Amino acid sequence: MFTPDALIAFLTLTFLEIILGIDNVIFISILANRFPEEKQKKLIRFGLFLAMFMRIILLMGINGLIKMKSAFLVVDYDWFSSEISIQALILLGGGLFLLYKSTHEIFQKVETKVASEVATQKGTMSFARALLQIVLIDMVFSFDSILTAVGMTNGIPYALPIMIAAVIVSIVIMMVFATPVSRYINRHPSMQILGLSFLLLIGFMLIAEAAHLSETQIFGGTIGRIPKGYLYFSIAFSLGVEMINMRFRKIRKN
């Protein structure tokens with residue numbers, strides 16, 4: 001397990017798990033904003049711990065995860081065809097959920113009257129309901145994370161322990177930084193809207209990914225996969241522009 005190949009795979013996987021976990025942290029941070037401050041840290045840690053537990057469970061049952069990629073229903077019409085699998089359905093459900101959740105949260109924050117009502121009723125969502133939403137979205141995000149890890153460690157000895165160790169270390173690192181990131185996002189309304197916009201983008205990506213995995217064709221046209229590099233570049237670019245805007249506004253106020 002301590003050969004150069006294994007160590008490089010471990011470090012690379014840890015880095016990728018952190019990058020792929022950014023969307024998870026954003027979702028949990030925005031959800032935690034609905035609770036009093038003393039409960040936010042608890043929810044973030046619970047959410048990330050559940051994400052780690054979910055990933056380890058999927059790694060232990062990787063054979064079953066691979067079987068989920070097999071189509072169990074084939075739909076074939078003149079204008080529409082698709083080979084539907086369990087994995088595609090999970091990604092589709094996760095994408096639709098993110099679209100609904102992000103749109104709902106943006107509406108509440110943008111509409112003045114609704115936003116004020118939500119502010120006075122902050123924390124009315126039950127802790128158990130919030131955890132249930134986190135578990136559902138963790139399951140969706142874990143698929144991408146685990147399949148990436150399996151592809152990277154293919155042919156490396158002790159691949160399973162390396163993947164589990166990378167997941168644990170990456171989640172611990174995210175736990176350390178998630179609370180400060182959450183506080184920063186929640187202190188700046190523009191960052192909240194930006195985070196919700198990221199979740200909208202990720203929701204569209206998950207739906208496109210589900211259609212691509214199902215080899216869906218609509219009126220003879222196929223749906224391609226959206227490269228994740230484009231997604232993360234757009235997130236980083238938008239975040240950089242917003243940071244400059246925040247700095248500019250701060251200078252003008254002074």
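The values are calculated or read from the model by the stated rules, or taken from the named source; none is laboratory data. Nothing here was measured: the structure is a model prediction, and the numbers come from that model. Reconstructed Cβ throughout: ideal geometry from the backbone, glycine too, with neighbour counts over all protein chains shown.
Okay, here's what the table says:
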{"quantity": "Residue in region 54-66 that is loosely packed, with under 13 Cβ neighbours inside 10 Å and in contact with a Lys or Arg (Cβ under 8 Å, 6 or more places away or on another chain) present", "calculated": "no"}
{"quantity": "Matching residues in region 195-224 - criterion: being farther than 15 Å from residue 22 by Cβ and polar (S, T, N, Q)", "calculated": "214, 216, 217, 222"}
{"quantity": "Residues that are under 16 Å from the mean Cα position of the chain (by Cα), over 17 Å from residue 215 (Cα atoms) and aliphatic (A, V, I, L, M), drawn from region 86-109", "calculated": "96, 98, 99"}
{"quantity": "Any hit, region 184-200, residues being outside any helix (DSSP H, G or I) and either buried (at least 17 other Cβ atoms within 10 Å of the Cβ) or free of Cβ contacts under 8 Å to residues at least 12 places away in the same chain (or both)", "calculated": "no"}
{"quantity": "Matching residues in region 1-24 - criterion: being under 16 Å from residue 56 (Cα atoms) and outside any helix (DSSP H, G or I)", "calculated": "21"}
{"quantity": "Residue match in region 101-109 (condition: surrounded by 19 or more Cβ atoms within 10 Å (Cβ to Cβ), closer than 29 Å to residue 218 by Cα and at pLDDT below 80)", "calculated": "no"}
{"quantity": "Extreme residue, nearest to the chain's Cα centre (by Cα), among residues of region 201-254 that are outside any helix (DSSP H, G or I) and closer than 24 Å to residue 100 by Cβ", "calculated": "226"}
{"quantity": "Residue within region 184-192 that is more than 16 Å from residue 234 (Cα to Cα) and either small (Gly, Ala, Ser) or modelled with pLDDT of 85 or more (or both) present", "calculated": "yes"}
{"quantity": "Some residue of region 113-126 being surrounded by 14 or more Cβ atoms within 10 Å (Cβ to Cβ) and at pLDDT 85 or above", "calculated": "no"}
{"quantity": "Residue 149 being buried (at least 17 other Cβ atoms within 10 Å of the Cβ), under 26 Å from residue 212 (Cα atoms) and at pLDDT below 80", "calculated": "yes"}
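Residues are listed down the side, and each one gets a yes or a no for (1) touching a Leu at 6+ places or on another chain (Cβ under 8 Å); (2) among the aliphatic types (A, V, I, L, M); (3) modelled with pLDDT of 80 or more:
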residue	(1), (2), (3)
208	no, yes, yes
212	no, no, yes
221	no, no, yes
225	no, no, no
229	no, no, no
234	yes, no, yes
241	no, yes, yes
253	no, no, no
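For every residue, the table says whether it meets (1) buried (at least 16 other Cβ atoms within 10 Å of the Cβ); (2) in contact with a strand residue (DSSP E or B) (Cβ under 6 Å, 6 or more places away or on another chain); (3) modelled with pLDDT of 80 or more.
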site: 22; (1), (2), (3): yes, no, no
site: 50; (1), (2), (3): yes, no, yes
site: 80; (1), (2), (3): no, yes, yes
site: 83; (1), (2), (3): yes, yes, yes
